[in-house]
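To start, the structure itself, in structure tokens.
Every number in this text was worked out from the coordinates using simple rules, so none of it is lab data. Quantities reported herein were computed from a predicted structural model and do not represent experimental measurements. Methodologically, a virtual Cβ is constructed for each residue, glycine included, from the backbone with ideal geometry; neighbour enumeration extends over all protein chains shown.
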Amino acid sequence: MGNTDNTVMLYSSQSEVVVNSLERDGICFSKQEYVIKKYEESAPIFVAVYGWFAIAAEKYLPKPKGAEYPYWAFRDLYSIEQSSDSRILRLCIPTDEAIFFDMYDWNKILRLQYIGETESDEKRFRQMLVGYGIRRESDIILTNFYPELKHQVQDSWQRLFRHHEKIKAGDTAGVESVQAGLWQLKQEWIV
């Protein structure tokens, strides 16, 4: 991170369809329909959080024409989930083409959880839920019973981007595992 030429080396796991599209067209974009096809019965949760990300991330990096959802890339190879039908791409990406965040914050969003300012803030929030008799944080988002708490959780998700500028500048202090959202993949980035 933080190379003097303003690029960053990242890894991304992509299907053969994406790799073939890159080889054929030189560029590719992720679409909602691909996410629905990939995640099938779990698709509604992914569509909800990817849709939120697509709107929120545009404040940091506008989407190019043709992009709907992000591709995911990671600083560390061990952060990637590998599957038999995908290839790991090693990418050298201009830092201004990526939205950076802590993978563990993103995982909280995928679990529909609150992202606190601190661990004690998150613990306080979970204790408050116990007081309300709420057993699973995800129930706040997946039901219409807790509109005020739902708003509070969704507002907390803005903290996903709290490390973007410092990671972009090469400072990863306080970030457990760097993840990046990319609006597009370009063949020229593959090394």
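Here are a few things to note about the model shown:
- Test result for L91, over 16 Å from the mean Cα position of the chain (by Cα), touching a residue at least 12 places away in the same chain (Cβ under 8 Å), surrounded by 14 or more Cβ atoms within 10 Å (Cβ to Cβ) and more than 30 Å from N144 (Cα to Cα): yes
- Helices (runs of 4 or more DSSP H) enclosed by the range 68-156 - at least 3 residues per element that are in contact with a helix residue (DSSP H, G or I) (Cβ under 7 Å, 6 or more places away or on another chain): 103-110, 147-156
- Yes/no for S79 being in contact (Cβ under 8 Å) with a residue 24 or more places away in the chain, exposed (fewer than 14 other Cβ atoms within 10 Å of the Cβ) and hydroxyl-bearing (S, T, Y): no
- In the range 169-191, the residues that are surrounded by fewer than 20 Cβ atoms within 10 Å (Cβ to Cβ), at negative phi and either in contact (Cβ under 8 Å) with a residue 60 or more places away in the chain or part of a strand (DSSP E or B) (or both): A169, D171, T172, E176, S177, Q184, K186, Q187, E188, I190, V191
- Whichever residue in the range 9-52 is of a type in the set (G, A, S) and in a helix (DSSP H, G or I) and, among such residues, is nearest to L110 (Cα to Cα): A48
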